[in-house]
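Heads up, the thing below is written out as structure tokens.
The values are calculated or read from the model by the stated rules, or taken from the named source; none is laboratory data. It should be emphasised that the depicted structure is a prediction, and the values quoted were computed from it without experimental measurement. Neighbour counts are summed over all protein chains in view; Cβ atoms, including those assigned to glycine, are modelled from backbone coordinates with ideal geometry. In case anyone asks, the SASA skips ligands and DNA or RNA and just uses the protein heavy atoms, side chains included. Shrake-Rupley method; radii C 1.70, N 1.55, O 1.52, S 1.80 Å.
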Amino acid sequence: MDEHRKAKNKGNQDAVTLQAEQDLARVRELLVEPAISKYKTEQQAQFSTEVSQVLSEAIGTREQTDKSISAALNPIINRSVKSAFVHQKQELTGFIFPLVGDLVRKFVAASLREFLEKTNQIIENSVSVKGLSWRFKAWRSGLTFAQYAASQTYLYRVEQVLLIHKETGLLINSVSLDERANQRSDLISAMLTAINDFVSDSFSVNSDKEQYLDEIKTDDSTLYLFQGPLVMLVASVTGNISPEAKAHLQQTMEGIHKTYTPQLKAYNGDATELMATSEELSQCLLAQERSPRKKHKRPIFAFLVLTLFAVAMGWYIFGHWQTNQAVKRIIALPIAEGIVPLNVNKQGLYDIELAFLRADNAISLDEYLAMAQVDKKWLTVTSYPYAPTLQDDVRSSIDFILQNFPELSYNEASSAVSGTLDANQYSQLRLLLEQIKTKYGIEFDTSNISIAELTEAQTREGKRLALTQLASKVELIKIDFALNASQVDASQAAKIELIATLFNSINELSASLNEKSLLLIVGSTDDTGVNAANIALAERRAQAVEAKLLELGMPANTILTTAVLPIKTSNSGADVRKAFLNVVTSSQPNNAGN
């Protein structure tokens, strides 16, 4: 009981003591705290004054001792600058832009000097007449050769200057040498703003900085765009502007920022307060004209030599091309009865060597080669007489084929042709075998010919080459007519059949190339008689050839007929009573019935 009573009394005493302490603290707060607070304030002010007097010296001493001040401040300053560029980019750009402009100009000037020095070293060995003249003048002027040469190329004029508000894209002011150009200033401003925004939106996605246009070239002039934080200065220049002029335009744009920053920030479409910029803009209408120079004596002899050399080379190249074309036309000649080609060789420029077997009853070689339309002076022809049999003709034709396709072999007993060809060569071979079949009625076995695969491009190119060769063969054929006659003579039947055979192959190739080929038949007459009657006769001749081809199954929608005016032959004596052929290939899709 006594112990319990003692514990209870002790607890009561502790409670009383705690209450007394709380009351004492309350009394102290009411009586002493104001004085203490005032004391602290006075002490802080005193300490601030005393510390400010020695702070800079203390920081300098500590920095010299252990560099701890810069180590402590660097992270804080870096974070502050980064935060300012992220959240206050526009304001910071406005503050530092004029300063950066001066720094950039100094850097560019130093880089340009270095570039000119290197350029001078590169072209130091120039020995042209103009180069030597410029080098002497540069030495006399105290300039490097590169600087003087560059100065000779500058010839420009600033035609118009526009000041555009960057945020809104509205035109603030513009000046121009031609007042009529100012009427289009608003349209130009809107267009440039749209293009500039497009470039900025399109090409700044993966870049840390925004991308803007700085130059737009047209046929007659160049637009130079000088970008600033608040405005964009645009100069329309004809010719090659000098670096000094570009620097002046850049400085003008920076000066406008310095002078009119408050007005530009407050701009809402009313440019009244910014009309004073006209004076600065007018000073940008710069021009530099080259003074007239005396005409110097030109190196006529050197120019003449170069011209003659160029003409000679052109003649030589054209001559080889003509000779190659002539060889192709001779090889493409149709098979003629009693004439067997043995050899066609190009010996040189306008020099072709030919060898033929010719039967006594065959047409003359002059007539045969005239179908190729080759100048006789280019040809050296050797003719060997022979009395051909049917078998000789066939064998000669086969030998000619094997000469052009050395990959093939021929079994005379079975009329079998074997070997390996690509698809293009196979098409040409079929054409030649078809001609022999038409003439001699012999079927050839081509089942042992292996066809190598071609790429799609090679196949298409081969088909187009085959189409061109077939067209050339058709165009070499001419249907002859008797005097005043419009009926096709029986002697021309073989030619008509050959035309139909060749054109059927042309149609197949055209269809595979998704094209359409037409056969144009042109009737002609000489100039004897009345023109109207001659033209009507020429039309009937073309229509007669068309009728024969239709009888052989050629589609009517692939044939066109026309006539030419009478051909004057009074002095030449040439026979022009013919129907000429021309193959026209359309690049449009091959739609039947069109």
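Structural remarks
- Single residue of the range 219-256 satisfying the filter (charged (D, E, K, R) and out of contact with any strand residue (DSSP E or B) (no Cβ under 7 Å at 6 or more places or on another chain)) that is most open to solvent (accessible area, probe 1.4 Å): ASP219
- Test for ILE479: is it under 15 Å from GLU434 (Cβ atoms), in contact (Cβ under 8 Å) with a residue 24 or more places away in the chain and touching a strand residue (DSSP E or B) at 6+ places or on another chain (Cβ under 9 Å): no
- Search result, residues across the range 541-571 that are among the polar types (S, T, N, Q) and assigned to a helix (DSSP H, G or I): GLN543, ASN557, THR558
- Qualifying residues in the range 474-508 (those that are within 14 Å of LEU549 (Cβ to Cβ) and part of a loop (DSSP other than H, G, I, E, B)) - the one most open to solvent (accessible area, probe 1.4 Å): VAL488
- Filter result for GLU353 (farther than 30 Å from ALA312 by Cα and either assigned to a strand (DSSP E or B) or out of contact with any strand residue (DSSP E or B) (no Cβ under 9 Å at 6 or more places or on another chain) (or both)): no
- Of the residues making up the range 328-346, those that are in a helix (DSSP H, G or I) and either open to solvent by 30 Å² or more (accessible area, probe 1.4 Å) or at pLDDT 85 or above (or both) are LYS328, ARG329, ILE331.
- Exactly one residue out of ASP360, ASP393, ASP351, ASP366 is modelled with pLDDT of 80 or more, more than 46 Å from the chain's Cα centre (by Cα) and among the charged types (D, E, K, R): that is ASP366.
- Filtering the range 396-415 for residues that are part of a strand (DSSP E or B), in contact (Cβ under 8 Å) with a residue 24 or more places away in the chain, surrounded by 14 or more Cβ atoms within 10 Å (Cβ to Cβ) and small (Gly, Ala, Ser) leaves an empty set.
- Of all the residues in the range 10-36, those that are at pLDDT below 70 and either touching a helix residue (DSSP H, G or I) at 6+ places or on another chain (Cβ under 8 Å) or of a type in the set (S, T, N, Q) (or both) number 2.
- Test: residue in the range 442-465 that is part of a helix (DSSP H, G or I), open to solvent by less than 60 Å² (accessible area, probe 1.4 Å) and touching a residue at least 60 places away in the same chain (Cβ under 8 Å): no
- Annotation: of all residues in the range 497-547 being more than 43 Å from the chain's Cα centre (by Cα) and among the hydroxyl-bearing types (Ser, Thr, Tyr), the one that is farthest from THR459 (Cα to Cα) is THR528.
- Within the range 136-166, the set of residues being open to solvent by less than 50 Å² (accessible area, probe 1.4 Å) and at pLDDT 70 or above comprises ALA138, TYR156, VAL158, GLU159, GLN160, VAL161, LEU162, LEU163, ILE164, HIS165.
- Selected residue (criterion: surrounded by the most Cβ atoms within 10 Å (Cβ to Cβ)) from residues of the range 265-279 that are out of contact with any Gly (no Cβ under 9 Å at 6 or more places or on another chain) and assigned to a helix (DSSP H, G or I): THR277
- When the range 347-356 is filtered for residues that are closer than 20 Å to ILE398 by Cβ and either aromatic (Phe, Trp, Tyr) or open to solvent by 50 Å² or more (accessible area, probe 1.4 Å) (or both), only PHE356 remains.
- From ALA533, ALA511, ALA538, residue being surrounded by 12 or more Cβ atoms within 10 Å (Cβ to Cβ), free of Cβ contacts under 8 Å to residues at least 12 places away in the same chain and outside any strand (DSSP E or B): ALA533
- Unmet criterion (only one of (1) at pLDDT 75 or above; (2) under 41 Å from the mean Cα position of the chain (by Cα); (3) assigned to a loop (DSSP other than H, G, I, E, B)) for PRO292: (1)
- Residue selected from the range 313-327 under the condition under 36 Å from the mean Cα position of the chain (by Cα) and open to solvent by less than 60 Å² (accessible area, probe 1.4 Å), by the criterion farthest from LEU433 (Cα to Cα): GLY314
- For THR420, the stated conditions hold: it is modelled with pLDDT of 75 or more and either loosely packed, with under 15 Cβ neighbours inside 10 Å or not hydrophobic (A, V, I, L, M, F, W, C) (or both).
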